[in-house]
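Worksheet: the structure to be examined is printed underneath.
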Amino acid sequence: MPAVATNPNRSWSRLDGVDLLRGLAIFFVLMNHVNMRLLGTKVPYAKGLPDQLVSSLVWNGQYGVQIFFAISGFLITSTTLRRWGSVARVSICDFYLLRFARIGPLLLLLLAILSTLHLAHVDGFIVGHKTGGLGRALFAALTFHINLLEAHRGYLPPSWDILWSLSVEEMFYLFFPLACRLFRRERFLVVPLLLFVALGPIARSHLFNHNPVWREYSYLGGMDAIALGCLTALFLAGRHLSRTAVRLLCGCGVAVLVFSLGFSLRAYAWGLGHNGLDMTILAVGTCMVIAAAAESRWRAPRLLAPLRIVGQRSYEIYLTHIFAVLGLFSLFLAAGKPMRAVPALFLAVLIVGPLLGYLVARIYSEPINRRLRARWNDGPRQLGSVVDSGQTAPLD
């Protein structure tokens, strides 16, 4: 494994390609959740439309989460290497503090709001006795096993259900710094990461996993994408790829994404979905695009600025978008479920959801993130930060 690069000017510039991927992932999640509400009330809005078009637009939510996982693995690993220089020098305590500063404030606020809505008996937010009630849901959310709870007891309300992906992601990062210290060298860390990649399709396959909820929400079923992101960061550390290699990566990655997202029914007919390989292929394509974006420092045109900005606030949008979905859908129901209003419903969610997340990020989560880091003396000599232009880069 090559030596790790520690050039802060190169390391901490935002990657437009990565932000666009996150924006695309959020788009798929929003579309999918509106689709689920419409199907739940038997609105046949997709009747007469081509099956693949419908699948690509409103059934790619799970693929969107897989894209998030791959990006997350890349960003966390590359940031870790740049903060501490190598995996052997990772500070476990500081890693957890930085991770909490990023995800903890908004997660705790969300849980407080959801608990209040449950106790107020607001329809759509009540955690039923079948799934263990409010206390069980809170315990699962705070210990990152919402996915396990739902696999055993059934789905929670949508506002709680979205936390399944956070359970997968944070369980991985709970052990990530420990693994870094245990294996100590990047080339040794590759071994368990490759094992996660190999186990991912098995965890999602119909042959080895007969629980449909667990096939979608299992830990191993999502960790292969995170591991692939980690491997991408390790591969790029200290390397400078040629222009030809970058173009090849970009072309192949985009082709894989187009196939996975635009021809998903064909992929499933080939058995890739049944065997759990479709998600792994998507993650590989995502990592190719990430690698090309990281090496080329490609700048997106202004036309794509809205999608790029949405990607920059993807965490806040993901955790809060369900309020926009449920709120706007209640207006749709109150209007009598008019079929002609379905496109307007989708469009409204695509606007209001990101706007809500953007405001939450600007007003709440980002200021608290900065305050926590300031309290913990986040700086070059304290938490291993790399400082660029007077700003500390977040562990995200």
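Computed quantities for the displayed model
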| read-out | value |
| --- | --- |
| Flag for Ala141 being more than 22 Å from Thr286 (Cβ to Cβ) and either free of Cβ contacts under 8 Å to residues at least 40 places away in the same chain or open to solvent by 20 Å² or more (accessible area, probe 1.4 Å) (or both) | yes |
| Those residues of the stretch 297-328 which are of a type in the set (D, E, K, R), open to solvent by 10 Å² or more (accessible area, probe 1.4 Å) and in contact with a helix residue (DSSP H, G or I) (Cβ under 6 Å, 6 or more places away or on another chain), in sequence order | Arg299, Arg308, Arg313 |
| Selection count, the stretch 173-213, where residues are closer than 19 Å to Ala151 by Cβ and among the basic types (Lys, Arg) | 1 |
| Among the residues listed as Phe139, Phe125, Phe100, the single one being closer than 30 Å to Ala237 by Cβ and of a type outside the set (A, V, I, L, M) | Phe100 |
| Tally, over the stretch 46-65, of residues that are touching a residue at least 40 places away in the same chain (Cβ under 8 Å) and open to solvent by less than 40 Å² (accessible area, probe 1.4 Å) | 6 |
| Every residue from the stretch 91-101 that is out of contact with any Lys or Arg (no Cβ under 8 Å at 6 or more places or on another chain), surrounded by fewer than 16 Cβ atoms within 10 Å (Cβ to Cβ) and either modelled with pLDDT under 95 or farther than 25 Å from Ile317 by Cβ (or both) | Cys93 |
| Only one of Phe235, Phe208 that is open to solvent by 30 Å² or more (accessible area, probe 1.4 Å) and either β-branched (Val, Ile, Thr) or not in a helix (DSSP H, G or I) (or both) | Phe208 |
| Considering residues of the stretch 91-125 that are aromatic (Phe, Trp, Tyr) and in contact (Cβ under 8 Å) with a residue 60 or more places away in the chain only, the residue farthest from Leu138 (Cα to Cα) | Phe95 |
| Filtered residue count, the stretch 261-296, keeping only those that are assigned to a helix (DSSP H, G or I) and either open to solvent by 50 Å² or more (accessible area, probe 1.4 Å) or within 22 Å of Asn209 (Cα to Cα) (or both) | 16 |
| Residue in the stretch 23-39 that is under 16 Å from the mean Cα position of the chain (by Cα), open to solvent by 30 Å² or more (accessible area, probe 1.4 Å) and among the hydrophobic types (A, V, I, L, M, F, W, C) present | yes |
| Which listed residue, of Asp396, Asp378, is among the charged types (D, E, K, R), at pLDDT 75 or above and in a loop (DSSP other than H, G, I, E, B) | Asp378 |
| Residue that is more than 30 Å from Phe323 (Cβ to Cβ) and open to solvent by 50 Å² or more (accessible area, probe 1.4 Å), where the choices are Phe188, Phe176 | Phe188 |
| Qualifying position, being open to solvent by less than 10 Å² (accessible area, probe 1.4 Å) and not polar (S, T, N, Q), among Gly128, Gly154, Gly124, Gly104 | Gly104 |
| Residues located in the stretch 182-217, provided they are out of contact with any Ser or Thr (no Cβ under 8 Å at 6 or more places or on another chain), of a type in the set (Val, Ile, Thr) and closer than 17 Å to Gly73 by Cα | Val190, Val191 |
| Some residue of the stretch 186-202 being assigned to a helix (DSSP H, G or I) and either at positive phi or modelled with pLDDT under 95 (or both) | yes |
| The stretch 329-366: number of residues that are closer than 21 Å to Leu107 by Cβ and open to solvent by 20 Å² or more (accessible area, probe 1.4 Å) | 9 |
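The values are calculated or read from the model by the stated rules, or taken from the named source; none is laboratory data. What you see is a predicted model; the values in this text were computed from it and never measured. All Cβ positions, glycine included, derive from the backbone under ideal geometry; neighbour counts span all protein chains shown. Surface areas here come from the heavy atoms of the whole protein model, side chains and all, with no ligands, DNA or RNA. Shrake-Rupley method; radii C 1.70, N 1.55, O 1.52, S 1.80 Å.
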